[in-house]
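Visitor: What follows is a structure written as structure tokens; I'll ask about it next.
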Amino acid sequence: MNPQLLQDLAAIVGERGIVPAAETAPYEVDWREAYHGKALAVVRPASTEQVSKVVALLAAEGIPMVPQGGNTSLCGASVPDASGRQVVVNLSRMNRVRAVDADNNTMTVEAGCVLVNLQQEAERHDRLFPLSLGAEGSCEIGGNLSTNAGGTGVLRYGNTRELVLGLEVVLADGRIWNGLRGLRKDNTGYDLKHLFVGAEGTLGIITAAVVKLFPRPRSQATAFVAVESPAGAVRLLSSLRQHVGERVTGFELIQRICLDLVLKHIPAQRDPLPDRHDWYVLVELSDSTEGGALGALMEGALAAAAEAGLVRDAAIAASKAQQGEFWKLRENISEAQKVDGPSIKHDVSVPVSRVPEFIEKATAALNARFPDIRIVAFGHVGDGNIHYNCSKSERGEAKAFFDQAPAVNHVVYDVVTSLNGSISAEHGLGALKREEITRYKGALELDLMRSIKRTLDPKGLMNPGKVL
């Protein structure tokens, strides 16, 4: 590396803001350990002004940069390539909550804030920040915004795009766009913030955001429910909504094999029902009213569903601790899969009504081409997002099977496309699906995306090799 460049970067961010060369490894590999890169340098600015100066310096030198938060990306979007020419701009030091406006139900936060800390800050103000996902203890809000993260609360509150009112962004030339407006109505032209949400750092670096808050739920009811099939799960969702309306906050589909993997690999977990079933849903209701009324509503709604043949068995959590136990079974599925061995992961979405059809058709197509394939399906069926993962049951076979990922992907994605779905529901494209997307998006749509990229990043320095 050019010593002068390192000195110039250090002059901007200070010695604490430069990661020593011997300590850069954690910033150069993704959570799944599928992508390994080599950074020219890792810089950790502590303010928007420092980010601006870092970007301006690197842009003037023609040096590509990779924005990074908690580095929990599942598609390789947050790590550098192997060229050794890209600078990682890690925003984890920018972790302040700048303001909370309880009457406006908004919170202004910096990009490096860990998601769980924002949830806790909202709670201190008797409010709820509803974005919740398995990586919330380490993922950061800047990354959540850059990938338009979904999570378990989408059914009621929407994904990250629907939770943001304003952004502050450092553009590819170092200029700062201050769009930190806490307005729910602002009809003054193009809504620029939505260009950067979901762009995975390819158009600019999000440094701060104004996010929505909601009344804090004062009562919750959680149930682990056995259903006959994914089609039964979709019918159960409709039934629950008829009985309890928008109180349905979470509705997660879980295949039996997911539960088996968690029980096998994650300590202190237990099966919530006495008998084995092929499919389950984890249901959560929430309300702003206190007391035990919600539990009675859950019990009555499930009883009605059972009379209609939609429920095979159910356990309603009797305490807050048991609610947590039920959710840990769901949240630990990805970790259990990682421990079990490599798998080919698909984060896809289809219309909710077509989730059963997707699972049936994709499984049949894969079984026809890849005998003894193991399907691990789970996810946010209430919003049509299924994590549909494929592997072989034996670890050695799984490694060999992983080499066939492109062929497996095409089978799954062709089914998704035939159902008017998306090949990426909440994980983004990153490097993993950069080429795949050219098969499934129209030429005009891709051309429009490239035009926006050229306009905002004419030198192609912002997270190159990702998305487009």
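The values are calculated or read from the model by the stated rules, or taken from the named source; none is laboratory data. This structure is a prediction, so every number in the text was calculated from the model and none was measured. Quick reminder, even Gly has a Cβ in these numbers, built from the backbone with ideal geometry, and neighbours come from all protein chains shown.
Visitor: Taking the stretch 177-194 as the region of interest, how many residues are in contact with a helix residue (DSSP H, G or I) (Cβ under 7 Å, 6 or more places away or on another chain) and either surrounded by fewer than 17 Cβ atoms within 10 Å (Cβ to Cβ) or assigned to a loop (DSSP other than H, G, I, E, B) (or both)?
Guide: The number of residues fulfilling the criteria is 1.
Visitor: Only one of LEU432, LEU444 is part of a loop (DSSP other than H, G, I, E, B) and of a type outside the set (S, T, N, Q). Can you tell me which?
Guide: LEU432
Visitor: I've got another one for you. Can you pull out the residues in the stretch 223-234 that are within 19 Å of ASN385 (Cα to Cα) and either surrounded by fewer than 18 Cβ atoms within 10 Å (Cβ to Cβ) or at pLDDT below 95 (or both)?
Guide: Matches in the stretch 223-234: SER229, ALA231.
Visitor: Right, next: Within the stretch 152-170, which residues are assigned to a loop (DSSP other than H, G, I, E, B) and either surrounded by fewer than 23 Cβ atoms within 10 Å (Cβ to Cβ) or modelled with pLDDT of 90 or more (or both)?
Guide: Correct list: GLY158, ASN159.
Visitor: Scan the stretch 111-121 residue by residue and report those that are surrounded by fewer than 24 Cβ atoms within 10 Å (Cβ to Cβ) and in contact (Cβ under 8 Å) with a residue 24 or more places away in the chain.
Guide: Within the stretch 111-121, VAL114, LEU118, GLU121 meet the criteria.
Visitor: Also, quick follow-up: Can ARG235 be described as in a helix (DSSP H, G or I), under 24 Å from the mean Cα position of the chain (by Cα) and not hydrophobic (A, V, I, L, M, F, W, C)?
Guide: No, not satisfied.
Visitor: Next up: Inside the stretch 410-429, can you point out the residues that are outside any loop (DSSP other than H, G, I, E, B) and in contact with a strand residue (DSSP E or B) (Cβ under 8 Å, 6 or more places away or on another chain)?
Guide: Those that are outside any loop (DSSP other than H, G, I, E, B) and in contact with a strand residue (DSSP E or B) (Cβ under 8 Å, 6 or more places away or on another chain): VAL412, TYR413, VAL416, SER422.
Visitor: Another one. Keeping to the stretch 120-134, report how many residues are of a type in the set (Lys, Arg) and either in a helix (DSSP H, G or I) or under 20 Å from the mean Cα position of the chain (by Cα) (or both).
Guide: Count: 1.
Visitor: Out of the residues in the stretch 1-23 that are closer than 12 Å to VAL87 by Cβ and without any contact (Cβ under 8 Å) to a residue 40 or more places away in the chain, state the one that is surrounded by the fewest Cβ atoms within 10 Å (Cβ to Cβ).
Guide: Filtering the stretch 1-23 for residues that are closer than 12 Å to VAL87 by Cβ and without any contact (Cβ under 8 Å) to a residue 40 or more places away in the chain, the one surrounded by the fewest Cβ atoms within 10 Å (Cβ to Cβ) comes out as ASN2.
Visitor: If you don't mind, another one. Anything in the stretch 365-406 that is in contact (Cβ under 8 Å) with a residue 60 or more places away in the chain, among the small types (Gly, Ala, Ser) and out of contact with any helix residue (DSSP H, G or I) (no Cβ under 8 Å at 6 or more places or on another chain)? List them, or say none.
Guide: Matches in the stretch 365-406: GLY379, ALA405.
Visitor: For the stretch 377-404, enumerate the residues that are under 25 Å from GLY151 (Cα atoms) and either aliphatic (A, V, I, L, M) or assigned to a loop (DSSP other than H, G, I, E, B) (or both).
Guide: ALA377, VAL381, GLY384, ILE386
Visitor: Restricting to the stretch 238-262, what's the tally of residues that are under 29 Å from LYS345 (Cβ atoms), assigned to a helix (DSSP H, G or I) and either touching a helix residue (DSSP H, G or I) at 6+ places or on another chain (Cβ under 6 Å) or not assigned by TED's automatic domain parsing to the domain that holds LEU310 (or both)?
Guide: Here the count works out to 4.
Visitor: Here's another thing I want to ask about it. Scan the stretch 182-198 and report the pairs whose first residue is among the aromatic types (Phe, Trp, Tyr) and whose second residue is surrounded by 13 or more Cβ atoms within 10 Å (Cβ to Cβ) and outside any loop (DSSP other than H, G, I, E, B), with Cβ atoms within less than 7 Å and a gap of 6+ or a chain change.
Guide: If the second residue must be surrounded by 13 or more Cβ atoms within 10 Å (Cβ to Cβ) and outside any loop (DSSP other than H, G, I, E, B), the pairs left are PHE196/LEU167; PHE196/VAL169; PHE196/GLY204; PHE196/ILE206.
Visitor: Let me ask you something else. Give the stretch 369-415 a look and list any residue that's within 16 Å of VAL348 (Cα to Cα), among the aliphatic types (A, V, I, L, M) and out of contact with any Leu (no Cβ under 6 Å at 6 or more places or on another chain), or say none.
Guide: Selection gives ILE375, VAL376, ALA377, ILE386, ALA405, VAL408, VAL412, VAL415.
Visitor: Out of all the residues in the stretch 287-346, which are touching a strand residue (DSSP E or B) at 6+ places or on another chain (Cβ under 9 Å), loosely packed, with under 13 Cβ neighbours inside 10 Å and among the polar types (S, T, N, Q)?
Guide: SER288, THR289
Visitor: While we're here: Could we say that LEU448 is out of contact with any Asp or Glu (no Cβ under 9 Å at 6 or more places or on another chain), at pLDDT below 95 and not charged (D, E, K, R) here?
Guide: no
Visitor: Here is a further query. Restricted to the stretch 202-222, and to residues that are touching a Lys or Arg at 6+ places or on another chain (Cβ under 7 Å) and not in a strand (DSSP E or B), which residue is surrounded by the fewest Cβ atoms within 10 Å (Cβ to Cβ)?
Guide: ARG216
Visitor: Here is a further query. Looking at (1) in contact with a strand residue (DSSP E or B) (Cβ under 7 Å, 6 or more places away or on another chain); (2) surrounded by fewer than 23 Cβ atoms within 10 Å (Cβ to Cβ); (3) assigned to a loop (DSSP other than H, G, I, E, B), can you tell me which one ASP103 breaks?
Guide: The number of the failed condition is (1).
Visitor: Considering only residues that are in a helix (DSSP H, G or I) and either free of Cβ contacts under 8 Å to residues at least 24 places away in the same chain or within 20 Å of the chain's Cα centre (by Cα) (or both), look in the stretch 300-319 and name the one that is farthest from SER229 (Cα to Cα).
Guide: The qualifying residue farthest from SER229 (Cα to Cα) is ALA303.
Visitor: Also: In the stretch 135-149, what residues are surrounded by fewer than 24 Cβ atoms within 10 Å (Cβ to Cβ) and under 9 Å from the mean Cα position of the chain (by Cα)?
Guide: Selection gives ALA135, ASN148.
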